[in-house]
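What follows is one structure encoded as structure tokens, with my remarks underneath.
The values are calculated or read from the model by the stated rules, or taken from the named source; none is laboratory data. Bear in mind the structure is a predicted one, so any value in this text is a computation, not a measurement. Don't worry about glycine lacking a Cβ; one is built from the backbone with ideal geometry, like all the others, and counts go over all protein chains shown. For accessibility, only protein heavy atoms count, side chains too; no ligands or nucleic acids. Shrake-Rupley method; radii C 1.70, N 1.55, O 1.52, S 1.80 Å.
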Amino acid sequence: MKKLLTATTAVALLGGTAMAQSNLEKLGAFKVTGTKEHTVVDQNSGSADSIRAVLENITMPEGFKIQLYALVPDARHMAMAPQGTVLFVGTKKNKVWAVMDRDRNKVADEVKDFAPSLELDVPNGVAFSKDGFLFIAERNRVMMYPAAEFFHESPDVVAVPIVPQGTLIPVEEESYNHTARVVKVGPDNKLYISLGQPFNVAPPEKLDLYNETGIGGIIRMDRDGSNREVYTYGVRNSVGHDFHPVTGELWWTDNQVDGMGDDIPPGEINRQTAAGQHFGHPWYGGGDVRTNEYAGQEVPVDVVMPAVETVAHAADLGMSFYNGNMFPAKYKNAIFSAQHGSWNRTEPIGARVMVTFIDDEGNATTEPFAEGWLNENGEYDGRPVDVIPMKDGSLLVSDDFANAVYRITYSE
């Protein structure tokens, strides 16, 4: 019998380290592990009605509509399979969820855990290559799953550790802080993986190690894990990146230094035009605001300032360029991004979806697109994490507070 789980129920950990390694070895040899059950999320849970009531308060430009797409526990970053049959949703816990709309009515009817025979550790980052390989970036490992769109029905799937456990970052640098990795396949068919550094401000004694390993940056590598290099330097904690559909340039969000006040430093959306550029951390806390820890010191690197400064402490996370055809023409190639919401601000802010428009010269401006999850009492009714377009041009938004994925559509 399948185990049932409501969207608000805590997820139990799988077996110990030895069992996990044994199962991975079995899967690599195409052997069964003995795991029989998936955990299935009840889509008829009473929480669905509460979430729908919250969505009635979300404001967007005229013509747009938001609906509940699926109940997904701890929903974080998302990846739609190439043929559009399965949405994979990462978490900061130990599950990746496979979300299916079998009757094709634009509402999910089945949500279950992916690869339950494996033990996952903060599998936040999920991404597909165009030829159907699923990549999952964990705290300290990157896994590749061939044809996951078609083999997710079984508890056992082919699983290849392209960056084995304990080698994404040095084991002694493992942390509970800033460990939500994001992975995307770039226009060059390489993997780009963000590695947030664990401190509020990275200390001087760590900088050489971090520059060498890519912690506090974005690394790239071939799809088999080879030819690893540091692509981006000077990042505090990026939890969202994507590539411009026309120029191929990497754009990414960054969460900036805490404890400097309600209104500084700003958050960032950055534009990277070449490998090896440096974006300021730890000398800058956000924008051109210098950190207290490095104040007065000469900055020893050439710093690229953000393309857009966002409101302080709103926690800009997942982002995607819009390449669909459903929305009005002005949204083509714009960035949709999620502001998770502040945790250390006197007056809370964020908990909304933003849109960033980029002109022909590369200049960018950001404005709210969907908001209302921060209610009139200053309480969060939801906290958006990631935003991705579907093949039909609609937009999916994940929310790890409400344990949900939403779908935004447009009609005149």
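Report which label in (i) 35, 26, 21; (ii) 46, 22, 18; (iii) 31, 27, 20 holds the value of semi-axes √(5λ) of the Cα gyration tensor in Å derived from the coordinates of this structure.
Matching entry in (i) 35, 26, 21; (ii) 46, 22, 18; (iii) 31, 27, 20: (iii).
Would segment 262-412 count as rounded, prolate or oblate if I go by the C-alpha gyration tensor, calling it rounded below 1.5 in a/c and otherwise prolate when a/b exceeds b/c, oblate otherwise?
In terms of gyration-tensor shape, oblate.
Carbon and sulfur: what percent of segment 122-229's accessible surface (1.4 Å probe)?
55
Going by amide H atoms built from the backbone, whose H comes under 5 Å of the H on residue 216, apart from near neighbours?
195, 196, 197
Ordered by packing density, taken as the mean number of other Cβ atoms within 10 Å over each peptide's residues, highest first, how do 185-194, 162-171 rank?
Working: 185-194: 18.7, 162-171: 17.0.
Highest-to-lowest ranking by the protection proxy: 185-194, 162-171.
Please report, for the Cα atoms of segment 174-251, the Rg to one decimal and the Dmax as a whole number; what are they, in angstrom?
Looking at segment 174-251, its Cα Rg and Dmax stand at 12.7, 40 Å.
Quick one: grab the alpha carbon gyration tensor of segment 187-329, order the square roots of its eigenvalues as a ≥ b ≥ c, and give me rounded if a/c is under 1.5, else prolate or oblate depending on whether a/b is larger than b/c. Before the final figure, lay out the partial values.
Working: a/c = 2.11, a/b = 1.25, b/c = 1.69.
Here segment 187-329 falls in the oblate category.
Please report the accessible area of residue 223 (heavy atoms, 1.4 Å probe, ligands and nucleic acids excluded) in Å², nearest 10.
50
Using +1 on the beta carbon of Lys and Arg, -1 on that of Asp and Glu, and nothing else charged, what's the dipole of segment 136-243 about the Cα centre, debye to 20?
On the way: 10 positive and 15 negative charges, 48 e Å.
In total the dipole reaches around 240 debye.
In a Debye calculation with equal point scatterers on the alpha-carbon sites of segment 36-85 and no solvent, what is log10 I(q)/I(0) at q = 0.30 Å⁻¹?
-1.16
Mind checking the dipole of the chain: about its Cα centre, +1 per Lys or Arg Cβ, -1 per Asp or Glu Cβ, Debye to the nearest 20?
For the chain, the charge dipole is close to 1300 debye.
Add -39500 (n - 2.57) for each DSSP H run of 4 or more in the chain, then divide by its residues: what number comes out at 222 nm, to the nearest 500 deg cm²/dmol?
-2000 deg cm²/dmol
Which residue, 143, 276, 207, has the largest displacement toward the positive end of the dipole of the chain when charges sit on each Cβ (Lys, Arg +1; Asp, Glu -1)?
143
Taking only protein heavy atoms into account and a 1.4 Å probe, give the accessible area per residue of the chain in Å². Before the final figure, lay out the partial values.
On the way: 17060 Å² over 412 residues.
With the other protein chains kept in place, the chain gives 41 Å² per residue.
Percent of accessible area on segment 320-386 owned by carbon and sulfur, 1.4 Å probe?
Reported share for carbon and sulfur atoms: 41 percent.
Among the aspartates and glutamates, select those whose C-alpha is under 15 Å from the C-alpha of residue 332, and discard any that sit fewer than 8 residues away in the same chain.
242, 359, 360, 392
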